[in-house]
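The values are calculated or read from the model by the stated rules, or taken from the named source; none is laboratory data. Owing to the predicted nature of the structure, the values given are computational and were not obtained by experimental measurement. Don't worry about glycine lacking a Cβ; one is built from the backbone with ideal geometry, like all the others, and counts go over all protein chains shown.
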Amino acid sequence: MDRKYKVYAYITHHNRLLVFDHAHFPDAGTQVPGGTLEPGEDPNAGVMREAREETGLPSLRMGAYLGEVDHALPELGQVHHRHYYHLICGAEPPERWRHDEMDPSDGGPAPITFELYWVLLPEGVPDLIVGLGQMLPRLCEELGI
């Protein structure tokens with residue numbers, strides 16, 4: 001199987017988690033910011049790049065590295081080696097906003113419009129697609145909730 005290296009950001013503001021839906025493709029499911037690492041890119045730098053590209057938030061800072069896992073996607077013939085991070089939003093963000101990603105990591109056409117919003121941790125988090133919620137227990141432990 002083809003191996004892809006991914007990074008995902010659990011971005012928090014106090015006790016809330018940032019999630020998004022595709023504005024024009026709601027059936028794509030609820031996600032957290034993330035994407036594919038560029039060749040030779042350090043995962044720490046990659047998660048910050050992806051988070052800024054997908055959210056437009058300028059005031060993000062590293063919270064903690066939460067871990068890594070392999071996630072098989074046999075229908076695509078791929079294994080995603082995923083690195084998960086906790087990032088902190090340092091400024092007062094909007095409750096809900098749209099942001100266009102201009103450089104999608106899947107190579108699809110740009111822009112992709114995301115509808116971003118905050119949900120309460122842990123009880124308000126919706127089901128996240130393709131196992132993206134698997135490190136949420138570690139995030140909650142990190143936050144003491």
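Table: residues versus (1) out of contact with any strand residue (DSSP E or B) (no Cβ under 7 Å at 6 or more places or on another chain); (2) polar (S, T, N, Q); (3) more than 17 Å from Gln31 (Cα to Cα).
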| position | (1), (2), (3) |
| --- | --- |
| Ala45 | yes, no, yes |
| Glu53 | no, no, no |
| Leu60 | no, no, yes |
| Glu75 | yes, no, yes |
| Gln78 | no, yes, yes |
| Ala91 | yes, no, yes |
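With respect to the conditions (1) touching a residue at least 12 places away in the same chain (Cβ under 8 Å); (2) acidic (Asp, Glu); (3) farther than 15 Å from Val32 by Cβ; (4) assigned to a loop (DSSP other than H, G, I, E, B), Asp127 falls short on a single one, namely (3).
Tell me which residues, restricted to region 5-45, are polar (S, T, N, Q) and more than 22 Å from Gly144 (Cα to Cα). Outline the logic, then answer.
Our first condition is that a residue be polar (S, T, N, Q); within region 5-45, this holds for 12, 15, 30-31, 36, 44.
Thr30, Gln31, Thr36, Asn44, listed by residue number.
Just to be sure before I move on: is Arg82 of a type outside the set (Phe, Trp, Tyr), over 20 Å from Thr30 (Cβ atoms) and modelled with pLDDT of 95 or more in the structure I sent? No, not satisfied.
Would you confirm, using the coordinates I've provided, whether Gly40 is surrounded by fewer than 13 Cβ atoms within 10 Å (Cβ to Cβ), free of Cβ contacts under 8 Å to residues at least 40 places away in the same chain and at positive phi?
yes
Checked against the criterion of being in contact with a Cys (Cβ under 9 Å, 6 or more places away or on another chain), of a type outside the set (Val, Ile, Thr) and surrounded by 12 or more Cβ atoms within 10 Å (Cβ to Cβ), the candidates Leu132, Leu57, Leu87, Leu128 yield just one match: Leu57.
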